[in-house]
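Data first, discussion second: the structure below is written as structure tokens.
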Amino acid sequence: MSEVLALTGGTVIDVRTGAQRRNATVLIEGGRIAAISVGENTPESARTVDATGMWLLPGLMDMHAHITGGPNVRKDKLHHLYLAYGVTTVRDTGGNLTLLRLLRNRIESGSHIGPRVFFAGPLLDGATPVWPAMSIMVDTPERARSAVEFLASQGVDFIKIYNWVPEASLQVILDTAHRLGLRVTGHVPRTITMTRAIQLGMDCLEHIRITGRELLPSDEADRIDSLPVARRETLLWERFELESEQMQRLIRLVADSRVFFDPTLLVDSALSLDGYAIDTEHPANADVPEAVRQAFAREERPPIFDSSEVNLETARNGFRKRQRLVQMLHEAGARLLAGTDCFGLGKQLPGLGLQHELALLVDSGLSPLAALQAATVTAADALGQSEILGTIEPGKLADIVLVEADPLSDIQNARRVRMVVKAGRVYEAATLREQGRSTPSG
């Protein structure tokens, strides 16, 4: 018989409604939630964790992550920090397929501490892939079909498309993936509009990637759409008008189509507000092994993020407009997600980055509850995992975050993590953070 774990005396938050069940006892058995009741209803044989004075949230999900490292940065040295900041699940939206499979196997076997992983493997891109080392070229419909079939055979959880997928290939990707039971997410290809991507059947949209051809005259769009991302987005959002009829029509389409929308404000702010600077002085970096800190500090900024020709004040104004767009999408009923697209130092630390993303969503006009929904119940819907993830309910996996103050009154309280339960296993957040300080750097 498996051990019964009882979390007693805490306040369980229903992230669907915002209701709070005080003095609750959550019984966990076999890695799943067995029962929730009010008051002391603990079997004598149960191992008890006193949650008095704490609030219980479902495990948070970072819906846009890249968690495998390259030759210069050992990202596996930091995966435990996801749990330390309450993130029990990540959706990896592009990486080395073999490394991701091996990593998931290590985490599931218990030999490596980290979040639950859903992954796409390599990106699908056109004839000039932006990230050739982790892409499959789908420049023809035939290659698009074979790529999706191959990835499905390798056990990916979804398909990710990138900037230069031709429309004919995109249609085949969508048809093939849906036939095989896989969802498709990604960038809006620069050759089409967001409207067209939704019409073709995209399940989820990553980033706020509205192409110039959606809202601008064709000659202007052609000049801007192919530029590196920092320059492109700055120039586009200097021109876009949120109150225009075209933008209002697009907002209604996103909401009415029920497509998932993952704005990834954190990486957007890194480009627009920080010039993609590496935050080497953040106090949270103390939890990172010295060799890993040095490796991040040595990393060169990818050329596509070059902001040398960007007016930062114009970029900041554009970012504020994008935040306002997020609020407008939320008010229209769009299904928003919380993803970071960041893995680095400071506020880009694994797990801590998701906490910053939640704060940016609230700063955009969402309530703390709505921001938490983007990282829990809506995230589970987007993963197709609503039966086992996203809420604290009997029968679901016991992924639970215990925080020291009410996150519905202040989203900053969501980062005050005391303990995390992942599939019934309890981790002390302070112990996890300390692990990075004592981990050998090699």
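Data for the structure
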{"read-out": "Filter result for residue 288 (farther than 20 Å from residue 338 by Cα and in contact (Cβ under 8 Å) with a residue 60 or more places away in the chain)", "value": "yes"}
{"read-out": "Checklist (1) closer than 24 Å to residue 65 by Cβ; (2) among the small types (Gly, Ala, Ser); (3) out of contact with any strand residue (DSSP E or B) (no Cβ under 9 Å at 6 or more places or on another chain) applied to residue 334, failing item", "value": "(3)"}
{"read-out": "Residue ID - nearest to residue 84 (Cα to Cα), chosen from residues in segment 278-289 that are surrounded by 13 or more Cβ atoms within 10 Å (Cβ to Cβ) and among the charged types (D, E, K, R)", "value": "287"}
{"read-out": "Tally of residues being over 18 Å from residue 61 (Cβ atoms) and surrounded by fewer than 18 Cβ atoms within 10 Å (Cβ to Cβ) across segment 419-434", "value": "5"}
{"read-out": "Exclusive hit being of a type in the set (Lys, Arg), surrounded by 18 or more Cβ atoms within 10 Å (Cβ to Cβ), out of contact with any His (no Cβ under 9 Å at 6 or more places or on another chain) and on the phi < 0 side of the Ramachandran plot, set 232, 239, 252", "value": "232"}
{"read-out": "Members of segment 26-67 that are assigned to a loop (DSSP other than H, G, I, E, B), surrounded by fewer than 22 Cβ atoms within 10 Å (Cβ to Cβ) and not aliphatic (A, V, I, L, M)", "value": "30, 31, 39, 40, 41, 42, 43, 44, 45, 52, 53, 66"}
{"read-out": "Residue ID - modelled with the highest pLDDT, chosen from residues in segment 295-346 that are among the β-branched types (Val, Ile, Thr) and in a helix (DSSP H, G or I)", "value": "326"}
{"read-out": "Candidate set from segment 367-416 (those that are under 27 Å from residue 182 (Cα atoms) and among the acidic types (Asp, Glu)); member that is surrounded by the fewest Cβ atoms within 10 Å (Cβ to Cβ)", "value": "387"}
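Each row is one residue, and each column tells you yes or no for (1) free of Cβ contacts under 8 Å to residues at least 12 places away in the same chain; (2) touching an Asp or Glu at 6+ places or on another chain (Cβ under 9 Å); (3) over 30 Å from residue 385 (Cα atoms).
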site: 191; (1), (2), (3): no, yes, yes
site: 207; (1), (2), (3): no, yes, no
site: 214; (1), (2), (3): no, no, yes
site: 226; (1), (2), (3): no, no, yes
site: 237; (1), (2), (3): no, no, yes
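Conditions tested, residue by residue: (1) at pLDDT 95 or above; (2) among the polar types (S, T, N, Q); (3) outside any helix (DSSP H, G or I).
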position: 173; (1), (2), (3): yes, no, no
position: 184; (1), (2), (3): yes, no, yes
position: 191; (1), (2), (3): no, yes, yes
position: 198; (1), (2), (3): yes, no, no
position: 205; (1), (2), (3): yes, no, yes
position: 214; (1), (2), (3): yes, no, no
position: 220; (1), (2), (3): yes, no, no
position: 227; (1), (2), (3): no, no, yes
position: 234; (1), (2), (3): no, yes, no
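Quick grid of which residues meet (1) touching a Ser or Thr at 6+ places or on another chain (Cβ under 7 Å); (2) in contact (Cβ under 8 Å) with a residue 60 or more places away in the chain; (3) surrounded by fewer than 16 Cβ atoms within 10 Å (Cβ to Cβ):
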| residue | (1), (2), (3) |
| --- | --- |
| 97 | no, no, no |
| 102 | no, no, yes |
| 108 | no, no, yes |
| 113 | no, yes, no |
| 120 | yes, yes, no |
| 137 | no, no, no |
| 141 | yes, no, no |
| 153 | no, no, yes |
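The values are calculated or read from the model by the stated rules, or taken from the named source; none is laboratory data. No experiment lies behind these values; they were computed from the predicted model shown. Virtual Cβ from ideal backbone geometry, glycine too; neighbours counted across all protein chains shown.
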